[in-house]
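Working notes, beginning with the structure itself.
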Amino acid sequence: MISLLSLMLPIATKLNALWQFSRPHTVIGTTLSAIALFAIAFSQDGMNFANFPDRFPELIWAIVACLGGNVYIVGLNQLEDIEIDKINKPHLPLASGAFSIQEARIIVAITGIGAVAIATWQGVFLALTVIVSLLIGTAYSLPPIRLKRFPFWASLCIFVVRGVVINLGLFLHFDRVLNQRSDMYPNIPNEIWLLTIFVLIFTYVIAIFKDMPDTEGDAKFNIATLCINWGQKTVFNLSRQILIWLYLGTVLASSSSLITNINIPILAISHMSLAAVMWWQSLQVDLSDRAAISTFYQFIWKLFYLEYLIFPLAYILRFSSSST
């Protein structure tokens with residue numbers, strides 16, 4: 001019994017390190033985005049749940065491919081930021097020594113190659129989604145380009161991948177494989193454009209906020225983030241003001257004549273409620289407390305996750321009611 005435990009403990013330790021290496025908040029975000037876009041595409045031509053078991057593998061393969069790309073991007077960033085992370089994020093596997101550099105390189109290589117192989121097998125739109133994401137993620141972290149050194153380009157990389165590439169790419173992939181589309185120029189519903197614009201702006205907030213707890217290490221290694229250039233308080237206030245206007249703007253946009261397949265009460269009530277909760281939580285943050293800033297950053301990610309529950313729910317309920 002003791003020998004069995006002694007064998008299992010190192011495995012459990014490595015699995016936990018792999019989970020931390022994968023950056024759990026990004027894994028959750030990637031998974032939820034795939035599920036949400038699958039649900040919207042699945043409901044495009046009616047909610048025929050009898051076909052769901054046959055379509056479910058399409059979702060699983062897309063999630064596997066996207067998560068492989070996710071691990072490649074965040075893993076490559078950690079490989080290039082070991083010394084910075086020893087200051088900013090000492091709990092990460094490479095900074096703490098839970099993973100060796102060689103182990104991390106193997107994981108990054110396998111996940112990157114695997115993501116491209118699976119995506120290419122599944123279809124052109126998924127392949128383009130994964131390949132473009134990996135190229136941008138590589139340019140973000142890897143010298144000599146290393147775009148993360150420049151605030152504008154660093155933010156652009158993050159919100160283009162999360163906001164545009166993933167949303168449009170995954171929707172086009174699911175719409176084609178689930179609904180047997182063969183159009184050379186596929187139609188993207190206005191509801192998907194609304195979601196894409198929302199996520200694009202929201203991801204910009206994540207991109208500028210994510211460096212707020214890490215100013216010490218970034219300053220030491222000459223990473224010119226907005227927090228260093230403008231100051232934490234300015235970036236913090238800018239972030240929450242953008243989110244407030246984003247929530248309000250989404251409510252107004254959803255009630256326009258351009259958006260016809262959204263349940264407006266669900267979208268309006270949820271977004272007004274989230275705006276109020278976000279503002280109240282922001283008032284509790286002590287900007288001199290690094291832990292408090294990190295906690296609020298994780299809270300912003302939770303708000304991000306909720307969009308991938310709210311949008312498909314509002315879309316599916318509106319679609320179902322209009323088709324009966």
Of those in the stretch 258-291 that are touching a Pro at 6+ places or on another chain (Cβ under 9 Å) and part of a helix (DSSP H, G or I), the residue surrounded by the fewest Cβ atoms within 10 Å (Cβ to Cβ) is Ala291
Filtering the stretch 265-294 for residues that are among the β-branched types (Val, Ile, Thr) and farther than 15 Å from Ser239 by Cα leaves a count of 2
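Of all residues in the stretch 1-53, which are polar (S, T, N, Q), modelled with pLDDT of 70 or more and assigned to a helix (DSSP H, G or I)? Write out each step before concluding.
So in the stretch 1-53, the residues polar (S, T, N, Q) come out as 3, 6, 13, 16, 20, 22, 26, 30-31, 33, 43-44, 48, 51.
When the remaining residues are screened for being modelled with pLDDT of 70 or more, the result is 13, 16, 20, 22, 26, 30-31, 33, 43-44, 51.
Those that are polar (S, T, N, Q), modelled with pLDDT of 70 or more and assigned to a helix (DSSP H, G or I): Thr13, Asn16, Gln20, Thr26, Thr30, Thr31, Ser33, Asn51.
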Only one of (1) farther than 23 Å from Ile197 by Cα; (2) among the basic types (Lys, Arg); (3) surrounded by 20 or more Cβ atoms within 10 Å (Cβ to Cβ) does not apply to Arg146, and that is (3)
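Does the stretch 54-99 hold any residues that are outside any helix (DSSP H, G or I) and touching a residue at least 40 places away in the same chain (Cβ under 8 Å), and which are they?
Keep residues of the stretch 54-99 that are outside any helix (DSSP H, G or I), which gives 81, 89-92, 97-99.
Listed by number, the residues that qualify are Asp81, Lys89, His91, Leu92, Ala98, Phe99.
The values are calculated or read from the model by the stated rules, or taken from the named source; none is laboratory data. These figures come from a predicted structure and were not determined experimentally. Virtual Cβ from ideal backbone geometry, glycine too; neighbours counted across all protein chains shown.
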